[in-house]
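Visitor: This structure is in structure tokens; I'll ask about it shortly.
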Amino acid sequence: MFSNAGVTVSYYSMQGCPHCVRFNPEWEKFENEVKSDKSVKTAKYDARKDEAKVREAGVEGFPTVTITRNGKTDTYEGPRTVKGLLEAIRI
């Protein structure tokens, strides 16, 4: 289904970020949709709990979604919806 989809990561801050609060249910639905596909790996990092990971990734705004394929990481700029995320990882 998502051949060679790679790794999709969400960086967020649930504390004080209304955009992240709105996006979180969409991300959870997205993770549910792709969990059975072995070609897709997802991760989620909270800026408060995973500060080092977020800083290492150079994330400055929230929510930020990145997609890594074939060793290249791009920031996802599309709609913060399940449909948008699924379309972004389809090859």
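What follows is calculated from the coordinates using simple rules that are stated; it is not laboratory data. Predicted model, so just to flag it, every value in this text is computed and none were measured. Reconstructed Cβ throughout: ideal geometry from the backbone, glycine too, with neighbour counts over all protein chains shown.
Visitor: With the requirement that a residue be part of a helix (DSSP H, G or I) and without any contact (Cβ under 8 Å) to a residue 40 or more places away in the chain, what does region 7-26 give you?
Guide: Result: Pro18, Val21, Asn24, Pro25.
Residue-wise test of (1) β-branched (Val, Ile, Thr); (2) touching a Gly at 6+ places or on another chain (Cβ under 8 Å); (3) touching a residue at least 40 places away in the same chain (Cβ under 8 Å).
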position	(1), (2), (3)
Ala57	no, no, yes
Thr66	yes, no, yes
Arg69	no, yes, yes
Lys72	no, no, no
Thr81	yes, no, yes
Leu86	no, no, yes
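Visitor: Go over the candidates Phe30, Phe62 one by one and state the one that is part of a helix (DSSP H, G or I), in contact with a strand residue (DSSP E or B) (Cβ under 9 Å, 6 or more places away or on another chain), of a type in the set (Phe, Trp, Tyr) and buried (at least 17 other Cβ atoms within 10 Å of the Cβ).
Guide: Phe30
Visitor: Limited to region 69-91, what total is found for residues that are exposed (fewer than 15 other Cβ atoms within 10 Å of the Cβ), in a loop (DSSP other than H, G, I, E, B), out of contact with any Phe, Trp or Tyr (no Cβ under 9 Å at 6 or more places or on another chain) and among the hydroxyl-bearing types (Ser, Thr, Tyr)?
Guide: 0
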